[in-house]
Amino acid sequence: MLRVTNAVLPGRTAPVTVVAEDGRITAIQEGDVAGAPGDRVIDAEGRTVLPGLVNAHAHIDKTLYGGPWVSAPQVETVAERVAHERRHRDAHGLPSREYASALVEAMVAAGTTHLRTHTDVDPGVGLRGIEAVAEVARRYRGVIDIEQVAFPQGGLVTNPGTLSLLRDAVGAGASVIGGLDPAGFDDAPNAHLEAVFDLAASTGTGIDIHLHDGGSLGAWEMGLIARMTREYDLGGRVAVSHAFGIAHPPTRVRLLEQFAEAGVALVNAAVYDAPVPPLRACAEHGVLLAGGTDGINDLWGPFGDGDMLRRAMLIAYRNSSRCDDELLLALDTVTTNAARVLGVDDHGLRVGGPADLVVVGARSAAEAVAKVPARDLVLRAGTVVARDGVFVGAEGGNALLR
Ligand SMILES: [Zn+2]
């Protein structure tokens, strides 16, 4: 049996003891709980214990993490960044199992237990990215759950051959169909979305569409996505990533109402100076807002470290959040909400839930969002997988506790 004592959980003030057995939480009780000889005991010493963190949007197939430093180009448009990546990815050995693995280990060390990653699929790279990420997912099974989106980064309607590759990707490890700026990049909004929704409906997969298009164009596309989600009866399985058009004031409230009714979620990574959806308005309208990191240290840009607590802080900061309840809404974007977007029911600090525990150096969950403290200990299913910010893996964690 595992007992984590003197733990402060989100939404509580009095320290509790979390008891776990066979990887599951069997009790959460105020004060200390008498154990038995042979119990493993972790004294949290009044620190905060968070559930496993969930990254709802990354691109581990693109990353150069752990490799040589490569300067990204100072260009302005998505199309220019895609073209730059196409020209240089082979020379840098992308997609790379080694770089992706190094990044996954950093994510785990920062407390991440679940990840959705968008993997490029196009006639140039074929399914090499999907296969590489699938192998990385197998390598870290039991430590982190990795879900792949088959992502037409190079265009869908305008890039012949991509649609059939997306279908093949579903058989090779992808469980979600992606899309990219149906109007702004692919210049064929209806054909693009029909292809994505048809493929998802016929393969039983979810949908997660990159939408950088802003203003009235992005808002119009989001309205279209909400309508198609209802028509295809895919409510609860569709997400719009980035969703910069949600910041368009004339249509924001109407879009939130449409998304709530249709069951469309928002995913955002608080990138650069791009718009961030409103935390409180999303919560009040019942729209799931999940956090991601987007690309990390790749040919698109130099930033990122895979830390979802830092991303929650950025989402709160960009929302001008000051009070605790808004900081906790930001925490939800990288825990509860993100788990729901990924369709992960087995998540959360509750009796019967998984013993996925992240011990952080903060006195409350709100302080953890504001200060982004070190991750002292990360447990997956009751096993230490990272300690003091260093990945140890399931085997290493067991050895440390013996
Ligand atoms: Zn992305």
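When only alpha-carbon atoms count, how far does region 26-159 stretch along each of its three principal axes, as whole angstroms with the largest first?
On the principal axes, region 26-159 reaches 64, 28, 25 Å in Cα extent.
Compute the accessible area per residue over the chain, keeping the other protein chains in place, probe 1.4 Å, unit Å².
On the way: 15630 Å² over 402 residues.
Here the residues of the chain average 39 Å² of exposed surface.
Along region 79-93, what does the Karplus equation 6.51 cos²θ - 1.76 cosθ + 1.60 (θ = phi - 60°) give for ³J(HN,Hα), rounded to whole Hz, x for Gly and Pro?
4, 5, 5, 4, 4, 4, 5, 4, 6, 10, 4, 5, 5, 9, x
Quote to one decimal, in nm, the extra length available between residue 141 and residue 346 on full extension: 0.36 nm per residue of separation minus the C-alpha distance between them. Walk me through the numbers on the way to the answer.
Details: separation 205, 0.36 × 205 = 73.80 nm, distance 1.55 nm.
My answer for the length gained is 72.2 nm.
Taking the Cα atoms only, what angle lies between the long axis of helix 252-262 and the longest principal axis of the chain, rounded to 10 degrees?
Taking the Cα atoms of the chain, the angle to 252-262 is about 80 degrees.
Please grab the % of Cα pairs in region 53-341 that end up more than 27 Å from each other. Walk me through the intermediate numbers first.
Numbers: 13972 of 41616 pairs.
Percent of Cα pairs beyond 27 Å in region 53-341: 34.
Label 7 Å along Cα→Cβ of residue 74; region 245-283 residues with amide nitrogen under 20 Å?
Of the residues in region 245-283, 272-274 have backbone N under 20 Å from the label point off residue 74.
Round to the nearest 10 and give me the degree value, 0 to 90, for the angle of helix 324-333's Cα axis relative to the longest principal axis of the chain.
For 324-333 against the chain, the angle is about 60 degrees.
Can you grab the distance from the C-alpha centre of region 1-74 to the C-alpha centre of region 267-346, Å, no decimals?
So the two Cα centres are separated by 19 Å.
May I ask you to give the percent of accessible area on the chain that is carbon plus sulfur, with a probe radius of 1.4 Å?
Working: 7780 of 15630 Å².
Roughly 50 percent of what the probe reaches on the chain is carbon or sulfur.
Excluding residue 325 itself, calculate the net charge of residues whose Cβ lies under 15 Å from the Cβ of residue 325, where each Lys or Arg counts +1 and each Asp or Glu counts -1. Kindly include the intermediate steps, with their values, before the conclusion.
Details: positive: 12, 280, 322; negative: 284, 324, 326, 332, 367.
Charge balance in the 15 Å sphere: -2.
Rounding to the nearest 20 debye, state how big the charge dipole of region 252-402 is about its Cα centre with +1 on each Lys and Arg Cβ and -1 on each Asp and Glu Cβ. Show your work: numbers first, answer last.
Numbers: 15 positive and 19 negative charges, 43 e Å.
Computed charge dipole of region 252-402: roughly 200 debye.
If you filter region 110-145 for trypsin sites (Lys or Arg not before Pro), then keep DSSP loop positions with at most 11 other Cβ within 10 Å, what is left?
Working: sites: 116, 128, 138, 139, 141; in loops: 141.
Answer by residue number: 141.
Report the net charge of residues surrounding residue 167, where surrounding means a beta-carbon distance below 15 angstrom and charges are Lys +1, Arg +1, Asp -1, Glu -1. Don't skip to the end; give the middle numbers.
Working: positive: none; negative: 122, 168, 194, 198.
Overall, the nearby charge balance is -4.
When the helices in the chain are scored as -39500 (n - 2.57) per DSSP H run of 4 or longer and the sum is shared across all residues, what 222 nm value do you end up with, to the nearest 500 deg cm²/dmol? Before the final figure, lay out the partial values.
Working: 13 runs with 139 residues, N = 402.
Value at 222 nm, helices only, nearest 500: -10500 deg cm²/dmol.
I want the antiparallel fraction of DSSP beta bridges within region 108-245, as a percent rounded to 5. Intermediate values should be presented prior to the final figure.
Values: 1 of 20 bridges.
Given both bridge residues lie in region 108-245, the antiparallel proportion sits at roughly 5 percent.
Just tell me the longest site-free run in the chain, where the sites are GluC sites (Glu not before Pro) in a DSSP loop having at most 16 other beta-carbon atoms within 10 Å.
Longest gap between qualifying sites, sites excluded: 77-402.
Say each of residue 29 and residue 201 gets a label point 7 Å from the Cα, pointing the same way as Cα to Cβ; how far apart are those two points in nm?
With each label placed 7 Å out from Cα toward Cβ, I get 5.4 nm.
Would you kindly state the longest site-free stretch of the chain, with sites defined as chymotrypsin sites (Phe, Trp or Tyr not before Pro) in a DSSP loop (not H, G, I, E, B) surrounded by at most 12 other Cβ atoms within 10 Å?
Numbers: sites that count: 69, 272.
In the chain, the maximal stretch lacking such sites is 70-271.
Report P(r) for region 212-369: all Cα-Cα distances, bin width 10 Å, range 0 to the bin holding the largest distance, values in whole percent.
Answer for region 212-369: a P(r) of 11, 38, 36, 14, 1 percent.
So for region 190-290, averaging the separation of alpha carbon pairs under 8 Å that are six or more residues apart and normalising by length, what relative contact order in percent results? Intermediate results must be reported in sequence, preceding the final value.
Numbers: 161 pairs, mean separation 26.3, N = 101.
Relative contact order here is 26 percent.
The values are calculated or read from the model by the stated rules, or taken from the named source; none is laboratory data. Not measured: the values here are computed from a predicted model. Every residue, glycine as well, gets a Cβ built from its backbone with ideal geometry; the counts of neighbours run over all protein chains shown. Just the protein is used for accessible areas: all its heavy atoms, side chains included, with ligands, DNA and RNA removed. Shrake-Rupley method; radii C 1.70, N 1.55, O 1.52, S 1.80 Å.
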